[in-house]
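The values are calculated or read from the model by the stated rules, or taken from the named source; none is laboratory data. As the structure is a computational prediction, the values presented were derived from the model and not from experiment. FYI the Cβ positions are ideal-geometry reconstructions off the backbone, even for glycines, and counts take in every protein chain you see. Heads up: the accessible areas ignore ligands, DNA and RNA and are worked out on the full protein's heavy atoms, side chains in. Shrake-Rupley method; radii C 1.70, N 1.55, O 1.52, S 1.80 Å.
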Amino acid sequence: MEKKLYLRNILDIRKSKNRTESYPTKSSEEQSDVEDSVLKKYEDLHIKLKINPNLPELLKEQHKKYLLSTIVYLSHAYECLDASRPWLCYWILHPLSLMGVRLDDTRKSHIVKFLGKCQSPSGGFGGGPGQFPHLAATYSAVNALVILGTEEAYNIIDRKKLQEFLLSVRQPDGSFAMHIGGEIDIRGAYCALAVASLTGILTMDLFKDTAEWIVSCQTYEGGFSGCPGMEAHGGYAFCGLSALVILQKGHLCDKQALLRWLVHRQMRLEGGFQGRTNKLVDGCYSFWQGGAFPLLYSLLAKDGNTPQDHLFDERALQEYLLICCQSPTGGLLDKPGKIRDVFHTCYTLSGLSVAQHFLEEIRILGPSKNGIACTHPLYNIRPDIVRKALLYYNNLGTPKQENQTGNM
Amino acid sequence: MSDYSSDENEGEFVLYRNRPEWRDVTPVKQDDGEEPVVAIDYTEAYEDCYDYFRAVLKTKEVSERALELTQTASYLNPANYTVWQYRREILKGLNKDLNEELDFIQKVILKQSKNYQVWHHRRVLVEWLQDASKEKYLTEAVLAKDAKNYHAWQHRQWVIKTFNLYDGELEYIDTLLSDDVRNNSAWNQRLLLHDKGGLSKNKHVTKFCEELYKSGNHSPFLLAVLVDMCYEQVNEGGGDSVYTLERAKELCSDLMTKYDTVRAKYWQYMIDTIEKKAREGTEDEAGSSTN
Ligand SMILES: [Zn+2]
């Protein structure tokens, strides 16, 4: 079922400017500046709309072109991401797959082989060939391989070694370090759970006490922090909630508090999400915060409180993404005035996907060709692609069984 | 460019392949395979340095020159965790003066304060030294420029909890809040020093909120807190509290239609949820009275 959404009334948007209560501070001044630049975008669009009633449009062709060009070449400005190259693969492959782009098999094979070079002999993946294995690199490599979805891609992951790597970064309290000797935070637990569940190597021993550790990261505001005691933050809230859902322990957190915190991260005027209280809107939180909603719906449904509708304003979010976050030459960005990059292209489009899909319904702002595929909120991969991988690895069985038969 | 200190002019940078002290080492090219993807067009200096870093990593060389090499490599890409991890192994292997390393990483942090690896390096050094005496100062220097820097707060919380450095924290938070009362990171830090409890039972809170409401303040944040108090009281059976279902309905519909329209669906959901709680409450009572 497809439902067409319409733009918010510009008069209402104008009225929703943040009030400084005649007490401006650095935070409120920065907020006002952003609101001014966003409002200008909305005002401009309402003028252009008189000439082109098809606005706002998702510039799919431009985004595809931009993403495809980055697969082969990145300028030296990307040196700072030289320890995140599997991430680059995922950030490019996922938005392409949301827009329905199919890569040819040779191209796929090149990417698989490259990721194979990033796999460590001791299990897990590093940020580039020869780098130490790292949980975030492992997460993005596994996600990328699952999206590629070929037999070659599935088989390149050494699942037995992967399990050993996960065990090597597990801490006694159930938390995870990002690499051996590395920092411990909630990303570690999520990345470990995501790859273990996707590749069928999740065991309860590996994640003993992890749920309790994650719950200890839920803050008084309702969101989750990177580690116990810190401030609630969108990226970490996504990690915490997803990790709990994978463990089927979502009931351990305070859902009502989490919902309250989440809905308040949507900005009144901008329509996009902020990452933390009193911080600025940023396109990438469309997914980190937005993606938490479908997960929360599933938890609320278990209590018999199935929401009948999105609990955030999906039309305002689509407005922000389409009107404020697109670069005219392809690629998407944080907020007006920032430059495009593949990270923001991935997470803004993922957020758009969340806003466009509610259960089986499709809600699209602008022409219906703005529609993109649905994303699985636990992994941020298309659900059909996730199902295919789960089926494949489940048929393989757990690595231990393989080993037993292998020794015979 | 081999150093973080921009003020010192150390002359022309020499590529590692042109340095006599590295002549015995064969550089190792990055193995991207035959058909590289997401290939970065490295600068000459970057490629040269990392070719030698890979060589050193391969032979596990622990030496002064390898230590110097990791400094250049970390400068060229501070997010390369392999470089930092290997650097720590060299520091240990050579039994280096860790206080010098603290000074070094402080300079790096002041320039790269939004990076996981540099803060983690700092934390490991503090653990090794068991000396946290310089940490509050460092985090304050970072927070002076970026008062919401997550890494700085996380480091600060860790040293305060680990080394019991709570003294003076409340005063520090107060200065930050008087600079910017909307600094939520500072409010979060304040909670580190306090207990939490239900809002609707705290007379100071309810009195303050109700007076603000009566004075005509309809800030969505105030109304939202009142809705939360209604939820809390209805959930707990309420008694003769003023935080009732009816009050919640009135507040939510004001929020939906006037003060917080972007969250209209959430406020409707809250009405439904509180209504349901109230119904469950009366059913429970009916159930228990028949027993
Ligand atoms: Zn962002």
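General observations
- Legend: distances between Cα atoms for A:65/B:148; A:113/A:388; A:48/B:145; pairs beyond 29 Å are A:65/B:148; A:48/B:145.
- Measure of compaction for region A:355-398 (Cα Rg per 2.2 N^0.38 Å): 1.51
- Each Cα pair of region A:52-106 feeds into the Kirkwood radius, which the Stokes-Einstein equation turns, at 25 °C and 0.890 mPa s, into a diffusion coefficient of 192 µm²/s.
- Residues along region B:14-37 losing 20 Å² or more of accessible surface when the other protein chains are present rather than the chain by itself (probe 1.4 Å): B:30, B:31, B:32, B:35, B:37
- Coupling constants for region A:77-82 follow from the phi torsions by the Karplus curve (6.51 cos²θ - 1.76 cosθ + 1.60, θ = phi - 60°), and in residue order they are 4, 8, 4, 5, 10, 5 Hz; glycine and proline get x.
- Cα-based Kirkwood hydrodynamic radius, region B:138-214, one decimal, Å: 14.1
- Fraction of the pair-distance distribution of region B:93-244 above 25 Å, Cα-Cα pairs, percent: 48
- Expressed as a fraction of 2.2 N^0.38 Å, the C-alpha radius of gyration for region A:113-197 is 1.00.
- Rolling a 1.4 Å probe over the heavy atoms of the protein chains gives region B:160-234 an accessible area of 55 Å² per residue.
- Cα convex hull of region A:273-313 - mean projected area over all directions, nm²: 3.2
- On Cα atoms only, tilt of A:60-72 relative to the major axis of chain A in degrees: 40
- Translational diffusion coefficient (Stokes-Einstein; Kirkwood radius from C-alpha pairs) of region A:72-152 at 10 °C, 1.306 mPa s, in µm²/s: 124
- Dividing the summed helix terms, -39500 (n - 2.57) for each DSSP H run of n ≥ 4, by the number of residues in chain B produces a 222 nm estimate of -20000 deg cm²/dmol to the nearest 500.
- Chain pair B, A: total accessible area buried, heavy atoms, 1.4 Å probe, Å²: 6300
- Relative contact order, percent, region B:114-267 [alpha-carbon distance under 8 Å, six or more residues apart]: 13
- In degrees, nearest ten, helix A:342-356 long axis to first principal axis of chain A (Cα): 70
- Scalar couplings 3J(HN,Hα) for region A:161-176, obtained by applying the Karplus form with A = 6.51, B = -1.76, C = 1.60 to θ = phi - 60°, are 5, 4, 4, 4, 4, 4, 5, 6, 9, 5, 9, x, 8, x, 7, 10 Hz; x denotes Gly and Pro.
- Estimated D of chain A in µm² per second, where Rh is the Kirkwood radius over Cα pairs and Stokes-Einstein applies at 25 °C, 0.890 mPa s: 112
- Heavy-atom accessible area, 1.4 Å probe, ligands and nucleic acids excluded: residues of region A:65-80 down by at least 50 Å² from chain alone: A:74, A:79
- Each eigenvalue of the Cα gyration tensor of the protein assembly as shown, multiplied by 5 and square-rooted, gives one semi-axis; in descending order these are 43, 30, 27 Å.
- Cβ charges +1 (Lys, Arg) and -1 (Asp, Glu), total dipole of the protein assembly as shown, debye: 1520
- Summing charges over neighbours of residue B:139, with a neighbour being any other residue whose Cβ is under 13 Å away from its Cβ, gives +3 when K and R count +1 and D and E count -1.
- Positive-pole candidate from A:75, A:331, A:206, dipole of the protein assembly as shown, charges at beta carbon: A:331
- nm² value of the averaged projected area, convex hull over the Cα atoms of region A:206-362: 9.7
- Ratio of Rg to Rh over region B:201-287 (Cα coordinates, Kirkwood Rh, two decimals): 0.99
- About the Cα centre, charge dipole magnitude for region B:138-233 (Lys/Arg +1, Asp/Glu -1 at Cβ), debye: 240
- A loss of 40 Å² or more of accessible area (1.4 Å probe, protein heavy atoms, ligands and nucleic acids excluded) relative to the isolated chain is seen in these residues of region B:75-122: B:77, B:81, B:82, B:85, B:116, B:120.
- Take region A:176-219 with all the other protein chains still there, run a 1.4 Å probe, and you get 27 Å² of accessible area per residue.
- Within the listed set B:122, B:263, B:182, the residue fluctuating most in the Gaussian network model of chain B (springs between alpha-carbon atoms under 10 angstrom) is B:263.
- Averaged over the residues of peptide B:179-186, the number of Cβ atoms from other protein chains lying within 10 Å of each residue's Cβ is 6.
- Highest-MSF residue in chain A out of A:128, A:174, A:222 [GNM, Cα springs under 10 Å]: A:174
- Calculated FRET value between residue A:19 and residue B:191, using beta carbons and R₀ = 22 Å, to 0.05: 0.30
- In this label model, residue B:114 and residue A:359 are separated by 3.9 nm, measuring between points 7 Å along each Cα→Cβ vector.
- Scaled against the 2.2 N^0.38 Å expected of a compact globular protein of N residues, the Cα radius of gyration of region B:1-122 reads 1.07.
- Net charge of Cβ neighbours under 12 Å - reference residue A:31; Lys, Arg +1; Asp, Glu -1: 0
- Ordering B:256, B:218, B:273 by Cα displacement along the dipole of region B:209-283 toward the positive end leaves B:256 in first place; charges were set at the Cβ atoms of Lys, Arg (+1) and Asp, Glu (-1).
- With Rh defined as the Kirkwood radius, the inverse of the mean 1/r over Cα pairs, the Rg/Rh of region A:188-299 is 0.98.
- Taking the Cα centre of chain B as origin and assigning +1 to Lys and Arg Cβ atoms and -1 to Asp and Glu Cβ atoms, the resulting dipole is close to 500 debye.
- Largest GNM mean-square fluctuation among B:29, B:145, B:258, using chain B with Cα springs under 10 Å: B:258.
- Overall Cα dimensions of region A:271-408, principal axis frame, Å, largest first: 63, 40, 34
- The fraction of accessible area contributed by carbon and sulfur in region A:35-114 is 57 percent, rounded to a whole number (1.4 Å probe; ligands and nucleic acids excluded).
- Selected from A:125, A:49, A:293, residue furthest toward positive end of dipole (chain A; charges at beta carbon): A:49
- Across all directions, the average flat footprint of the convex hull enclosing the Cα atoms of chain B is 25.6 nm².
- Once Rg and the Kirkwood radius are both taken over the C-alpha atoms of region A:1-160, their ratio Rg/Rh works out to 1.14.
- Beta bridge orientation in chain A: antiparallel %, DSSP, nearest 5: 75
- 5 Å binning of all Cα-Cα separations within region B:9-72, expressed as whole percents from 0 upward: 3, 15, 27, 24, 15, 10, 4, 1, 0
- Of all accessible heavy-atom area on region B:1-131, the percent that carbon and sulfur account for (1.4 Å): 46
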